[in-house]
Structure formats: C-alpha cells, structure tokens
Amino acid sequence: MEKLILNGKLIGREQASIDIEDRGYQFGDGIYEVIRVYGGRLFANEAHLRRLYSSAEKLSLDIPYTAQELTEQIEALVRGNGLDTGIVYLQFTRGAAHRKHSFPEKSETVFVAYTNELERPLHQLEHGIQAVLTEDIRWLRCDIKSLNLLGNVLAKQKAAENGCGEAVQHRGEIVTEGSSSNVFIVKNGELITHPLSNLILNGITRQVILDICEKQQLPVREETFTIRQLFDADEAFISSTTSEVMPVVQINDQKIGSGKPGAVTRKLQGYFKERMDQLTKAITTGPAE
Ligand code: DCS
C-alpha cells in the first residue's frame, strides 16, 4: 500500500485524515516544498529544507522537527514507497482550530508528506515549451512558499487554455517569474534573471543554476528585465524542481531567438544532468555507512 507521513508517522494513504477546520484547508495557512527524487535520492534536499524553515519563520509557523529528523522521515518514505524517479511533497499547516483569521492560541502544526512518481520531461527538455505572458496578480510575499496559490493557479490555467506549458508573469514592464518556475533570459551570452526579493520565490533550481554558472564562469546578472528584453532575448528558459532547465521557444505568438532551444540553455542542461548523475552515482560508489 502507498505510504505517506502524517505528523511524523509513516502510515497507509487510506488511513490518513485531516480535520475540516485545518487552517491549511480553510485559509491556505501553511507552507510546502517539492523535492526531486532521482534514483531514489533526494536532490538538493538541504537547500529545500533551508527554504522550508525560512518560509516557516516568516509566517511564525512551528516546525517541530530538526532538518536531520525531517530528512530521515522523508528518506524512509521514499524507501517505503520504493520511489526511483519522482517527487516528495511536504506540507505544514498551522493545524486545526475554530475558524477565526488571527492565529489560534492553541493549535498544532500538521505535517503531511507523500511521494509521486514523475519521470523527467525529456521530450520538452529536448524541444522546449511555449509560454503565455500574463499579469502577475499575486500578493507581495512571493518569497514565501505558501499554500496560497490561486494567483499561480489562474496563471497556469491561462497557459493550459492556450496549449502552453507555462505562464510567464510580469508586474508592469518587469518580468517576475513563471507560475511555478523562475525565468531566465540569455542575451549576448549573458544570463539575466530577476533578483531575489519579495516578488519571486528563491527557486532551488535557480540556486543550482547560479552555482553552476559560478563554477563554469558563465556570466550572470541577477537584475530585472522587461517584457521587451524577453522578446528580444537570444534564448529563454524556466527553471523548477520538476522542469529542471526547460527551454522556452515561443511566448504568445512570438518565437524567442531561433525558435529552438539555445546553445547556453543546452550547456546548462548538460551541467545540470551532471549534478543529477553525481547524486545517483553516489548510491553505487559512495562510502558505505
Ligand atoms: N517560482 C514559483 C512560483 C514556484 O512555484 C516554483 C516551484 C519555482 C519558482 C521554482 O522553484 P524550485 O526550483 O525550488 O522548484 N514550484 C514547485 C511546485 O509548486 N511544483 O513543483 C515545484
């Protein structure tokens, strides 16, 4: 039977139940993470947990486990479900209490984690995706990975209705991020991506890409760019846990660059794959514990 974690216990999915007055359910009062699993291993787990604790702190939400304890629980879940390639979804809410907006005096964090099988999107990674442009109507704390995702949901729905894989959001002239991804452009060999602020999520894939760029001495600017710069770019791509380094070859009716995944994007995909391979290789060649 498929297993999940409910408040620290590994149980069968059918055994799990959540109070209808859970504040996650009623207010979206909670946070989440999506961690990639390749070859049964957690990719960039430490960075995800760092962001999780940061989101929790910004919402005064208690996480009653250390990073070490959480990692052990998640690894046991992945093993228990025999997951090879997929994701782990983690969610923490402020728990159940009689419905009132302000924080309840007494409530206990409710923690749920489950796994899903999910293959790498190889076809799209090879050919790229199309995107639509949409106004960023979200709140002003997009740095918090909160359960309040209606703005993101509506943006992604617009993409789906237009047969596109992602919606690229903008505030005024400035491109912020995708509905569930960060956005990069390449111009004259240089990468540009929105700087960290309250307007975007500090994407873990974004962090990995910036680290790769530093190691490989690829020039990057963490600066805002405009819609016009996006359309004039040589290349564009989005980054996320599930999409990795995903070329964007067309936005609305306009091709980006040649209309094919660009050379810098390809190069980054290669380096990104190396990081994945390092992780999975560690299973067979890593030191025994
Ligand atoms: N920006 C937003 C709004 C996101 O929702 C995500 C990922 C990102 C950027 C990229 O962050 P990561 O590189 O850390 O994934 N959203 C997760 C989600 O909701 N599903 O998959 C990833």
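Just one of the listed residues (His170, His194) is of a type outside the set (Phe, Trp, Tyr) and more than 28 Å from Arg120 (Cβ to Cβ), and it is His170.
Before we move on, is Val186 within 14 Å of the ligand (Cβ to nearest atom) and among the aliphatic types (A, V, I, L, M)?
Here the answer is no, as Val186 does not meet what is asked.
Residues of the stretch 231-246 that are crowded, with 21+ Cβ neighbours inside 10 Å and more than 16 Å from the ligand (Cβ to nearest atom): Ala233, Glu235.
Matching residues to (1) within 16 Å of the ligand (Cβ to nearest atom); (2) more than 20 Å from the chain's Cα centre (by Cα); (3) closer than 19 Å to Gln169 by Cβ; (4) surrounded by fewer than 21 Cβ atoms within 10 Å (Cβ to Cβ):
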residue	(1), (2), (3), (4)
Glu190	no, yes, no, yes
Asp211	yes, no, no, yes
Gln216	no, yes, no, yes
Gln254	no, yes, yes, yes
Lys267	no, yes, no, yes
Arg275	yes, no, no, yes
Thr280	no, yes, no, yes
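Can you find a residue that is farther than 13 Å from Phe237 by Cα and more than 13 Å from the ligand (Cβ to nearest atom) anywhere in the stretch 195-203?
yes
Kindly indicate the residue of the stretch 66-86 that is open to solvent by less than 20 Å² (accessible area, probe 1.4 Å) and over 15 Å from Leu6 (Cα atoms) and also farthest from the ligand (Cβ to nearest atom) among those meeting that condition. Among those that are open to solvent by less than 20 Å² (accessible area, probe 1.4 Å) and over 15 Å from Leu6 (Cα atoms), it is Leu83.
The values are calculated or read from the model by the stated rules, or taken from the named source; none is laboratory data. Just so we're clear, the structure is a prediction, and the values are computed from it rather than from any experiment. Ideal geometry is used to build each Cβ from the backbone, glycine not excepted, and the neighbour counts take in all protein chains shown. All accessible areas refer to the heavy atoms of the entire protein, side chains included, with ligands and DNA or RNA removed. Shrake-Rupley method; radii C 1.70, N 1.55, O 1.52, S 1.80 Å.
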